[in-house]
Amino acid sequence: MSSEDRYVLARGEEGAYRLRVVNRVHGPDTERLLRTAGLRPGMRVADIGCGVGAVTAWIAREVGPDG
């Protein structure tokens, strides 16, 4: 299979690498957006389509053990 035939949003380690790069670039904006939206300790949050879980882990730290 040539590189042109590959699915652009690859899965596995290639896809996970892409998602980690995206998080490094956009993570601070995502965190700012969630704080502006009202994310706070104790909230219950569902992260749908969480990719490799980088944002999910950050949200878990933000809402704390009671969230």
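The values are calculated or read from the model by the stated rules, or taken from the named source; none is laboratory data. If you're wondering where the values come from, they're calculated on a predicted model, not measured in any experiment. All Cβ positions, glycine included, derive from the backbone under ideal geometry; neighbour counts span all protein chains shown. Ligands, DNA and RNA are stripped out before the accessible areas are found, and what is left, the full protein with its side chains, is counted by its heavy atoms. Shrake-Rupley method; radii C 1.70, N 1.55, O 1.52, S 1.80 Å.
When restricted to residues that are in a helix (DSSP H, G or I) and open to solvent by 40 Å² or more (accessible area, probe 1.4 Å), the range 56-67 contains 5. Among the residues of the range 8-16, not a single one is small (Gly, Ala, Ser), at pLDDT 85 or above and surrounded by 12 or more Cβ atoms within 10 Å (Cβ to Cβ). Of all positions in the range 18-41, none carries a residue that is at pLDDT 85 or above, among the charged types (D, E, K, R), touching a helix residue (DSSP H, G or I) at 6+ places or on another chain (Cβ under 6 Å) and in a loop (DSSP other than H, G, I, E, B).
The set of residues from the range 42-54 being in contact with a helix residue (DSSP H, G or I) (Cβ under 8 Å, 6 or more places away or on another chain) and modelled with pLDDT under 90 comprises Cys50, Gly51, Val52, Ala54. Entry remark, the range 28-51: residues being open to solvent by 70 Å² or more (accessible area, probe 1.4 Å), of a type in the set (A, V, I, L, M, F, W, C) and either under 18 Å from Gly15 (Cβ atoms) or in contact with a Gly (Cβ under 6 Å, 6 or more places away or on another chain) (or both) number 1 in total.
Return the pair list, or none, for Cβ contacts closer than 9 Å from residues in the range 38-64 that are among the basic types (Lys, Arg) to residues that are assigned to a loop (DSSP other than H, G, I, E, B), at least 6 apart or on different chains. Pairs found: Arg40/Gly67; Arg44/Gly67.
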